[in-house]
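Below is one structure; the comments refer to it alone.
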Amino acid sequence: MSQLTELYQEVILDHYRNPRNAKPIEKETHSAEGHNPLCGDDVEVHLLIEDGVVADVSVRGVGCAISTASSSLMSEAIRGKSLDEVEQMFERFHAMVTSPIDAPAPIDGLGKLEVLAGVRNYPVRIKCATLPWHALKSAIAGSSEPVTTEAGE
Ligand code: ZN
């Protein structure tokens with residue numbers, strides 16, 4: 001295992017053991033749930049969106065290390081960001097974890113989220129990593145239907 005991979009593993013385990021922004025928030029404007037039946041991951045995303053900015057966020061759920069770490073890392077990444085920035089982050093993150101191993105998408109401006117790049121080597125884990133992002137997108141879109149990863153990536 002390379003040193004970089006070890007570092008990534010450490011960050012993922014840290015976020016799995018101590019998920020950030022998992023406490024309920026007092027005021028919220030948007031929320032959504034997501035389910036990944038392939039792995040049994042469940043996630044709830046709650047947002048306070050003010051003036052087009054994610055002013056507060058809570059992401060909590062029950063799931064594997066990857067879905068929990070991805071939820072926690074996402075919550076840190078989107079706090080204080082505009083909805084446009086969040087949308088771009090979604091696209092980049094999705095491209096990072098779903099691009100082919102021999103033609104990986106560039107990892108630009110993803111900061112700490114890039115610790116999850118290795119997920120693309122484990123196809124069964126990709127939906128664990130993207131689950132909170134799909135729930136986030138659904139929350140922002142104002143959809144009341146729970147999202148399921150069965151519908152796509
Ligand atoms: Zn999972």
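The values are calculated or read from the model by the stated rules, or taken from the named source; none is laboratory data. Keep in mind the model is a prediction, meaning the values are calculated, not measured. Neighbour counts run over all protein chains shown; Cβ positions are idealised from the backbone, glycine included. In case anyone asks, the SASA skips ligands and DNA or RNA and just uses the protein heavy atoms, side chains included. Shrake-Rupley method; radii C 1.70, N 1.55, O 1.52, S 1.80 Å.
Scan the range 108-128 for residues that are in a loop (DSSP other than H, G, I, E, B) and at pLDDT 90 or above and report the count. Write out each step before concluding.
Restricting attention to the range 108-128, the residues satisfying the condition of being in a loop (DSSP other than H, G, I, E, B) are 108-110, 122.
If we keep only those that are at pLDDT 90 or above as well, we get 110.
The number of residues fulfilling the criteria is 1.
Could you tell me which numbered condition A69 fails, if it satisfies all but one of (1) within 23 Å of T148 (Cβ to Cβ); (2) open to solvent by 30 Å² or more (accessible area, probe 1.4 Å)?
All conditions are met except number (2).
Just to be sure, is V97 within 16 Å of the ligand (Cβ to nearest atom) and without any contact (Cβ under 8 Å) to a residue 40 or more places away in the chain?
yes
Residues in the range 15-44 that are out of contact with any Lys or Arg (no Cβ under 8 Å at 6 or more places or on another chain), away from the ligand (no atom under 16 Å from the Cβ), outside any strand (DSSP E or B) and open to solvent by less than 60 Å² (accessible area, probe 1.4 Å): how many?
Number of matching residues: 1.
Please specify each residue of the range 11-57 satisfying the condition of being hydroxyl-bearing (S, T, Y) and out of contact with any Ser or Thr (no Cβ under 8 Å at 6 or more places or on another chain).
The answer is T29, S31.
When the range 118-127 is examined, which residues are found to be under 13 Å from the mean Cα position of the chain (by Cα) and open to solvent by less than 50 Å² (accessible area, probe 1.4 Å)?
Matches in the range 118-127: V119, I126, K127.
What number of residues within the range 76-89 satisfy the criterion of being crowded, with 18+ Cβ neighbours inside 10 Å and either more than 14 Å from V11 (Cβ to Cβ) or within 16 Å of the ligand (Cβ to nearest atom) (or both)?
Result for the range 76-89: 3.
Is it fair to say T130 is in contact (Cβ under 8 Å) with a residue 12 or more places away in the chain and open to solvent by 10 Å² or more (accessible area, probe 1.4 Å)?
Spelling it out, it is not the case that T130 is in contact (Cβ under 8 Å) with a residue 12 or more places away in the chain and open to solvent by 10 Å² or more (accessible area, probe 1.4 Å).
Yes or no: M96 at pLDDT below 95 and open to solvent by less than 20 Å² (accessible area, probe 1.4 Å)?
In short, yes.
Against the condition crowded, with 21+ Cβ neighbours inside 10 Å and either of a type in the set (A, V, I, L, M) or on the phi < 0 side of the Ramachandran plot (or both), how does V115 come out, does it pass?
Here the answer is yes, as V115 does meet what is asked.
Starting from the range 52-70, take each residue that is within 14 Å of the ligand (Cβ to nearest atom) and list its partners that are β-branched (V, I, T) and in a strand (DSSP E or B), counting only C-beta distances under 8 angstrom and pairs at least six apart or across chains.
Close Cβ pairs (under 8 Å, with a partner that is β-branched (V, I, T) and in a strand (DSSP E or B)) amount to G61/V43; G63/V43; S67/V43.
Pairs, please: C-beta under 7 Å, at least 6 apart or cross-chain, first residue of a type in the set (S, T, N, Q) and in the range 23-39, second open to solvent by 50 Å² or more (accessible area, probe 1.4 Å) and not in a loop (DSSP other than H, G, I, E, B)?
Matching pairs, first to second residue: S31/E44.
Does L47 satisfy being within 15 Å of the chain's Cα centre (by Cα), in a strand (DSSP E or B) and buried (at least 18 other Cβ atoms within 10 Å of the Cβ)? I'd like the intermediate steps shown before the answer.
Numbers: within 15 Å of the chain's Cα centre (by Cα): yes; in a strand (DSSP E or B): yes; buried (at least 18 other Cβ atoms within 10 Å of the Cβ): yes.
Taking the combined requirement at face value, the residue satisfies it.
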